[in-house]
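Here's the structure, in structure tokens; my notes come after.
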Amino acid sequence: MLCLVIFLLILASLGALYINRKTLFPHWFGPKKFTGNIFGKPSARTDYVFPQNKPQFTAKVSAITSESSRQQSVTVYSIGGKKENPVFQRNFYDDGFHGKVLTYTFSSDSTSFRQSGSLGTIGCGYECSMVWSNFYVWNPQQKAFILDNASHKDFFQQMLITYQTIDKRGCSTVGSNVVPNQSGISFTELYSKYPALKWYCNPTQGILPTNLMFFLKAEKAVQQIIAGKNVGSNDIQNISL
């Protein structure tokens with residue numbers, strides 16, 4: 001008889017746990033917050049026609065949006081052209097945009113658009129995000145959208161301020177526990193003094209040499225654009241320091 005009572009009490013307890021499972025174990029059974037999967041299927045698709053005053057192109061944009069990422073892919077067609085022959089196409093994370101953001105903005109009054117986002121971070125969080133934009137304009141002779149960054153010097157002069165601010169802060173961007181002989185100098189000076197280190201700034205949250213070099217190359221690429229060279233995000237890795 002005693003065993004039967006104990007067995008019934010156990011069943012009652014298990015039933016109560018099941019009924020209140022969402023309250024007792026919210027991380028297991030609660031609602032999921034993510035609206036998309038950065039490695040899954042696109043969560044939204046949108047068509048754009050540009051320029052609005054004289055439509056010539058249709059851009060089909062697919063977006064993956066989550067709490068950690070906002071990435072877009074794009075395929076651009078000439079209006080009246082064959083669907084199997086796009087004049088411009090980029091996938092998610094293309095052109096070195098390996099950070100959390102890649103978006104497209106289409107002009108309302110010209111046959112041009114902008115590709116903007118993050119190339120990633122140096123390794124010290126959001127404040128070290130390497131922002132970048134590529135500008136494209138339609139070339140009727142080549143029948144293609146070509147890179148047009150050199151025509152936007154004012155834009156890249158403002159971008160350079162962002163890069164120079166990060167550069168001047170140097171290892172202070174990673175917080176405390178900075179190696180003493182690497183403190184108080186810019187990233188440019190740091191790499192110039194110690195070009196062969198295995199990590200920089202902090203022994204536990206160090207910046208990898210590849211990340212530091214890429215940042216300095218991106219900064220130099222912006223300076224080259226301001227000087228008149230038509231450089232895009234795909235050219236950054238080939239720049240010499």
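The values are calculated or read from the model by the stated rules, or taken from the named source; none is laboratory data. Just so it is clear, the model here is predicted, and its values are computed rather than measured. Reconstructed Cβ throughout: ideal geometry from the backbone, glycine too, with neighbour counts over all protein chains shown.
Only residues that are among the basic types (Lys, Arg) and in a strand (DSSP E or B) were counted in the range 116-161, giving 0. Taken over the range 93-119, the criterion of being of a type in the set (Phe, Trp, Tyr) and more than 20 Å from THR58 (Cβ to Cβ) is satisfied by TYR93, PHE97. Among residues that are crowded, with 18+ Cβ neighbours inside 10 Å and touching a strand residue (DSSP E or B) at 6+ places or on another chain (Cβ under 9 Å), TYR93 is not included.
With the structure loaded, tell me whether LEU197 is of a type outside the set (S, T, N, Q) and in a helix (DSSP H, G or I) or whether it fails that test. No, not satisfied. In the condition set (1) assigned to a loop (DSSP other than H, G, I, E, B); (2) surrounded by fewer than 16 Cβ atoms within 10 Å (Cβ to Cβ); (3) modelled with pLDDT under 80, ASN85 is compliant with all but (3).
Have a look at ASP167, ASP95, ASP109 and point out the one that is within 27 Å of GLU67 (Cβ to Cβ) and not in a strand (DSSP E or B).
Numbers: ASP167 fails: within 27 Å of GLU67 (Cβ to Cβ); ASP109 fails: within 27 Å of GLU67 (Cβ to Cβ).
Going through ASP167, ASP95, ASP109 in turn, just one is within 27 Å of GLU67 (Cβ to Cβ) and not in a strand (DSSP E or B): ASP95.
Residues in the range 193-241 that are loosely packed, with under 12 Cβ neighbours inside 10 Å and closer than 20 Å to ASP154 by Cα: ALA227, GLY228. Taking the range 178-198 as the range and being among the polar types (S, T, N, Q) and in contact with a Cys (Cβ under 9 Å, 6 or more places away or on another chain) as the test, the residues that pass are GLN182, SER183. Hey, any hits in the range 175-185 for a residue that's outside any helix (DSSP H, G or I), touching a Lys or Arg at 6+ places or on another chain (Cβ under 6 Å) and more than 15 Å from ILE239 (Cβ to Cβ)? The answer is no; no qualifying residue exists.
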